[in-house]
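These notes are about the structure you will find just below.
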Amino acid sequence: MNLSPDLERWRHEIEGYARQYGLDFYDVVFEVLDYDQLNEVAAYGGFPTRYPHWRFGMDYEELAKTYTYGLSKIYELVINNNPVYAYLMKANAAVEQKVVMAHVFGHADFFKNNLWFAKTNRRMIDAMANHATRVRSYIDRHGVETVEGFIDACLSLENLIDYHAAFIERQERRERVSAPPAEDEPAEKVPRLPSKGYMEPYINPPAFLEEQKARMVERAKRKKRVPEDPQRDVLQFLIEHAPLENWERDILGIVRQEAYYFAPQGMTKVLNEGWASYWHSTIMTQRALTDSEVIDFADQHSGTMAMSPGRLNPYKIGIELFREIEDRWNKGKFGKEYDECDDNDVKRRWDHKLGLGRQKIFEVRKIYNDVMFIDAFMNEEFCQRLELFVYGYDARTGRHVIVSRDWRKVKERLLFQLTNLGQPIIHVTDANYANRGELYLQHRFEGIPLDVEKARDTLKNLHRLWRRPVHIETVDDERGRLLSYDGVEHKSTRL
């Protein structure tokens, strides 16, 4: 750590407060960087040892320009690792550095204890360095344009993974299916119900036996199909079945591994930022602030929590929902008796003084992700208190306007934005479509059609990996549509 004596003293003090409150985290290593260095690290996703690619340079330029023009500022950057690495901006004022440290310890506790981070690589900074070494060796061997072009295609597909895959038993760990019998071996017998000989025609009539035989034939067909069942982890399927060279397969594996590392952060953005904000607010207001720092803290904190129409602020939604949960469980405002109470005045005054709030929010921090968090705890009172509405863009006035005040619509909109990180859900269903080795995917339609231009770009990059025509089945205007790309032109066919 390159901390000044003051920063080291504040770090030690705030870490002590965090542990006294019950936060549990790996060691945290702080590094102080100037704004240019911090933008560079942020462009690499917090990993300065990451493999080279032009996309990271583009991200750096965007961060540098928005900082220069005063449009945004990075206060902190923290990565899930053991030890946790956190970066402080050198130009931050003293109170800002203290807030950032308290915020970082909240993140560090969340990374270590939240269920959805349980399967992540806690040595990812080393893995990233290893990935960079391999990519550079491929660049030396095959040329920068060839390798970067292939990485472009892979990165455009990095969201085609199964975000719950880490918690599902993978195919390679399942019990292996025994090999089919040889041609000279007797075929599998049609299953029959046990019966006495004289009852056989009644217990196992011919129609029943024919039905069982048809089911066996259908099962046999499914076993021959690749994949046997729709596969949501498209990248894994491509790694296993696409006609790639070894270096291409390795790079696709790197992109997939990093996508799964960052996936829990996308799945818990509201929860994670809300938890860190709750603790930086608690630690600062109850323990770490001096009298002279109160105004500066209030100014910074209010800026971070600001909401505007049509924009979801995960810091604000998260911290307020944690405070709501803590208050409800302290007062006993949950359970059958409370839910069935129809008197709003009684519910407002409800206070059984249970004092379970702090225990409950630690439980929520441990097992929930954003979708579960919003679904379980966002209610009518919360939406009314925060004045949450559904906004739409009015093209006539050029402004966002309220289109619904129904709290159920607010909750529904939030859940839709958070499910699968707002990305369409895609499955591979057939690797030999039309018996021509073509790749067939299906979009799980949930009310919003695919963006056709983005779908065509995705098909183009899928074709680059599959090297045969690719198709995706979707729905628009309540009718089925098949989008196809054969390497030369795009086609759209009504189903």
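At a glance:
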| item | result |
| --- | --- |
| Probe 1.4 Å, protein heavy atoms only - accessible area per residue of the chain in square angstrom | 55 |
| Stokes-Einstein D (µm²/s) once Rh is taken as the Kirkwood radius of the stretch 89-150 over alpha-carbon pairs, at 10 °C in 1.306 mPa s | 105 |
| Cβ-defined net charge surrounding Phe373, 13 Å radius [Lys, Arg +1; Asp, Glu -1] | -1 |
| Over the chain: helical MRE at 222 nm, DSSP H runs n ≥ 4 each giving -39500 (n - 2.57), nearest 500 | -16000 deg cm²/dmol |
| Net charge, Arg436 excluded, C-beta distance under 15 Å - Lys, Arg +1, Asp, Glu -1 | +1 |
| Centroid-to-centroid separation of the stretch 248-316 and the stretch 418-449 [C-alpha atoms, Å] | 32 |
| Viscosity 0.692 mPa s, temperature 37 °C, Stokes-Einstein D of the chain from Kirkwood C-alpha radius, µm²/s | 123 |
| Cα-only Debye scattering, the stretch 351-495: base-10 log of I(q)/I(0) at q = 0.17, 0.20, 0.21, 0.22 Å⁻¹ | -1.00, -1.16, -1.23, -1.29 |
| Prolate/oblate/rounded call for the stretch 32-78, Cα gyration tensor, a/c under 1.5 rounded | oblate |
| Relative contact order, percent, the chain [alpha-carbon distance under 8 Å, six or more residues apart] | 14 |
| Heavy-atom accessible surface of the stretch 1-115: percent carbon and sulfur, 1.4 Å | 53 |
| Net charge, Asn80 excluded, C-beta distance under 12 Å - Lys, Arg +1, Asp, Glu -1 | +3 |
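The values are calculated or read from the model by the stated rules, or taken from the named source; none is laboratory data. The shown structure was predicted, so the numbers you read here are calculated from the model rather than taken from an experiment. No Cβ is skipped: glycine too gets one built from the backbone with ideal geometry, and neighbour counts run over all protein chains shown. Each accessible area value is taken on the protein alone, full model and side chains, heavy atoms only, with ligands, DNA and RNA left out. Shrake-Rupley method; radii C 1.70, N 1.55, O 1.52, S 1.80 Å.
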